[in-house]
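Below is one structure, written out as structure tokens; the observations come after it.
Read the figures in this text as sums done on the coordinates, not as results from a lab. It should be emphasised that the depicted structure is a prediction, and the values quoted were computed from it without experimental measurement. Cβ coordinates were reconstructed from backbone atoms using ideal geometry, including for glycine residues, and neighbour counts include every protein chain displayed.
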Amino acid sequence: MSDRLTVWAPAGLGEVRPGDDLALLVGDLLDAEGVADGDVVVVTSKIVSKAEGRVVRAADREQAITDETVRVVATRERPGGLAPLRIVENRLGLVMAAAGVDASNTPDGTVLLLPEDPDASARALRRALRARWGVDRLGVVVTDTAGRPWRDGLVDIAIGAAGVAVVDDLRGGADAHGRPISVTVTAVADEVAAASELVRGKTSGRPVAVVRGLGRYVLAGGGPDGDGPGARTLVRPSADDLFREGSAEAYARGISATRDGVGG
């Protein structure tokens, strides 16, 4: 296990447009400092969406959110004439504010949707970058920004991954005192995403980062075995989700069900 982690985000990518070869742009950007075997290349979903043409005309962002929503988790009114806050499950199974629809850093009258399949995007980028640099073990993580239950503030999470062991399952092992570990599963890909955001920033125009020092989590080879399971496996199954809806919504549903039972 390495005791040192290095993360950097080069400047100079420029604006990404629909149809751009993202692997070429990222490769050219990172050539100056080079990429080593065992590195993880991190890219924001924003530039992936732009390259893949996920820029859509939408004068009404709220309609775009509705179109991307498969399940409403919670809604809250906001003061000042702002549209209600909507926490929803989107087409990727991700629970996010506004379904991940982004109206920032995109031309007026347009919004950015998340990539259709971020894991597939990560696999394609990994394949191209491995070939370009001739490295065997290379990880790719696609990130997006999300809130977290019980915590204020936002962090970047992994919504796509290839060539990375997205979790480190410690169950069945023992801690430093010899006690058995029964529940700990570390979300490695999310930790990589969050670390990269510390050097990329939200307004610096640096949507690409490299994380070095996590070689133990980076997979070798191509194909399904080398690409790994992807970030989709980090989505908690509904059967294990104790918070399928907001507290106010759950309370209202419980009251309604009680009244219906009494009325019957």
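Below are the figures for this structure:
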{"quantity": "Search result, residues across the range 152-180 that are part of a loop (DSSP other than H, G, I, E, B) and either under 14 Å from GLY230 (Cβ atoms) or not hydrophobic (A, V, I, L, M, F, W, C) (or both)", "calculated": "GLY163, ALA165, VAL166, VAL167, ARG171, GLY172, GLY173, ASP175, HIS177, GLY178, ARG179"}
{"quantity": "Selection within the range 57-103 - surrounded by fewer than 19 Cβ atoms within 10 Å (Cβ to Cβ), in contact with a Leu (Cβ under 7 Å, 6 or more places away or on another chain) and within 26 Å of GLY230 (Cα to Cα)", "calculated": "ALA97"}
{"quantity": "Residue match in the range 45-56 (condition: under 20 Å from LEU112 (Cα atoms) and over 21 Å from the mean Cα position of the chain (by Cα))", "calculated": "no"}
{"quantity": "Those strands (runs of 3 or more DSSP E) lying entirely in the range 76-126 with at least 1 residues among the aliphatic types (A, V, I, L, M) and within 21 Å of GLY14 (Cα to Cα)", "calculated": "110-112"}
{"quantity": "Residues of the range 221-246 satisfying the condition of being assigned to a helix (DSSP H, G or I) and either surrounded by 12 or more Cβ atoms within 10 Å (Cβ to Cβ) or in contact (Cβ under 8 Å) with a residue 60 or more places away in the chain (or both)", "calculated": "GLY226, ASP227, ALA231, ARG232, THR233, LEU234"}
{"quantity": "Pair list, Cβ under 7 Å, 6 or more apart: the range 29-53 residue touching a residue at least 60 places away in the same chain (Cβ under 8 Å), other residue assigned to a strand (DSSP E or B) and of a type in the set (Ser, Thr, Tyr)", "calculated": "VAL42/THR143; THR44/THR143; SER45/THR143"}
{"quantity": "Residue within the range 47-56 that is more than 28 Å from GLY12 (Cβ to Cβ) and among the hydrophobic types (A, V, I, L, M, F, W, C) present", "calculated": "no"}
{"quantity": "Total residues in the range 181-213, condition more than 19 Å from LEU125 (Cα to Cα), in contact with a strand residue (DSSP E or B) (Cβ under 6 Å, 6 or more places away or on another chain) and not in a helix (DSSP H, G or I)", "calculated": "3"}
